[in-house]
């Protein structure tokens, strides 16, 4: 059986020795063979796994998620199919952006002013660099942030459209309960709170009921979050917070994380 040393793998594939050592240390890519002197030797199967790691890293997945994917029950072909689908999705989005840029360039060449819709086309869906940067600074090292970033990186425009529709449905459920006079402790309000938790849990990051309490408190502590809900309906921010706390109580969640 042919094997390769760390140096040979590094020279052949352009992956640094330091990177290979790191992958070994964290258990992501452990060489299957060792020389009598204890030096790492990589087999053909190891190189296939390295190829899968590198492609997933090029798609900007975090190492812990790559490890989870590679340690599952899928074979190399399954990973390649997933990687190809992800790349094709990004190609479609980039083609749309290139078309939008071309149309903007044509307007500039013809000295034609852009309409608001023309400009919006270049912003894409839900662009908010200011909040994104601030969020990364505040929570970038948290598991929730990393999990959310990994999931949303692969979302297509269709996925974001579904997320938006689900968000609007959750907000509508809260508003219906509020405007019908239901207290925040009512079944309708608590069901809306559970729908809210499940939406975040399924779409962004793992969210238990105790964590949900802390999120609810932020909705009234941070004026920007408060304004988001108050713009939908007066008094909604506090109502959402109270409903989330009531729902957490219903599920026996602790009051402190």
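The figures follow:
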read-out: Residue 147 modelled with pLDDT of 90 or more and either surrounded by fewer than 17 Cβ atoms within 10 Å (Cβ to Cβ) or closer than 30 Å to residue 91 by Cα (or both); value: no
read-out: Residue ID - surrounded by the fewest Cβ atoms within 10 Å (Cβ to Cβ), chosen from residues in segment 150-177 that are without any contact (Cβ under 8 Å) to a residue 24 or more places away in the chain and closer than 12 Å to residue 193 by Cα; value: 172
read-out: Which listed residue is under 22 Å from the mean Cα position of the chain (by Cα), surrounded by 19 or more Cβ atoms within 10 Å (Cβ to Cβ) and touching a residue at least 40 places away in the same chain (Cβ under 8 Å), from 243, 216, 193; value: 193
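The values are calculated or read from the model by the stated rules, or taken from the named source; none is laboratory data. Quick caveat: nothing in here was measured; it's all calculated off a predicted structure. So basically every Cβ, Gly included, is an ideal-geometry build from the backbone, and we count neighbours across all protein chains shown.
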